[in-house]
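Notes follow once the structure below has been shown.
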Amino acid sequence: MKFAASLFLSAALYNLAAAGVWISAPIGSTKATGGQPFSVVWDDDGQSPSLAELGNAEVALMTGSDTAQTLLQTLETDVPLSTTASTVNLIDKNIGPDGNVYFVRVMSNSLKDDQGNPYAFYSARFLLEGMEGTFNEDIVNQLEMMMQTQNGNQRRGLQDGDDSTQATDDNYSAAQSTSIQTMLVATLAVVLGASLSTL
């Protein structure tokens, strides 16, 4: 099964920490398969903190929104970032359904920012296929929140772009509302392992 709302769920995740780690794989166009080898590749982007300063890190497969995230699978627990440029692991196909809602987090085990939070770096969201699991209610809520936020941002962008086309704007509003509701139902059906006809 695949997410019908991949358009809204495939945007790159905001990097919630300072620069330092450039994750070159996976990227937004990556298509990985559950139960198959999965590569994470990174490099130093030339900005502070350096890979040497970050030290060893945890590499994890995540899902969720930009602000509320869930760790699904720890790929590496203590990998030295400056001497290792990649990892290869098998993705547990039971951690969730097919979808464009997965991303990688690389988080330092030792270096923290001024607020005491570990430095963390994120890949773009990418597609996982061949998955056989479902998401729990907390994850569903995180993804629903992300969809609503992205829809709100798109709506504000349209309003800011042209205030003179009221008729077009009204037509867009009605069509967009119907489209979002349909996509949201389809998405929740997938992550809960249900069919559309049962919702």
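The values are calculated or read from the model by the stated rules, or taken from the named source; none is laboratory data. Since this is a predicted model, take the numbers as computed values, not measurements. FYI the Cβ positions are ideal-geometry reconstructions off the backbone, even for glycines, and counts take in every protein chain you see.
Points worth noting:
- Flag if ASN89 is within 30 Å of GLU137 (Cα to Cα), touching a Phe, Trp or Tyr at 6+ places or on another chain (Cβ under 6 Å) and either modelled with pLDDT under 95 or surrounded by fewer than 21 Cβ atoms within 10 Å (Cβ to Cβ) (or both): yes
- Checking each residue in segment 119-130 for being in a loop (DSSP other than H, G, I, E, B) and under 20 Å from TRP22 (Cβ atoms) picks out SER123, ALA124, ARG125.
- Yes/no for GLY133 being surrounded by fewer than 18 Cβ atoms within 10 Å (Cβ to Cβ) and either at positive phi or not in a loop (DSSP other than H, G, I, E, B) (or both): no
- For segment 37-118, no strands (runs of 3 or more DSSP E) sit wholly inside it while including 3 or more residues that are touching a helix residue (DSSP H, G or I) at 6+ places or on another chain (Cβ under 7 Å) and without any contact (Cβ under 8 Å) to a residue 12 or more places away in the chain.
- All positions within segment 137-150 that are at pLDDT below 90 and either surrounded by fewer than 18 Cβ atoms within 10 Å (Cβ to Cβ) or of a type in the set (Phe, Trp, Tyr) (or both): MET145, GLN148, THR149
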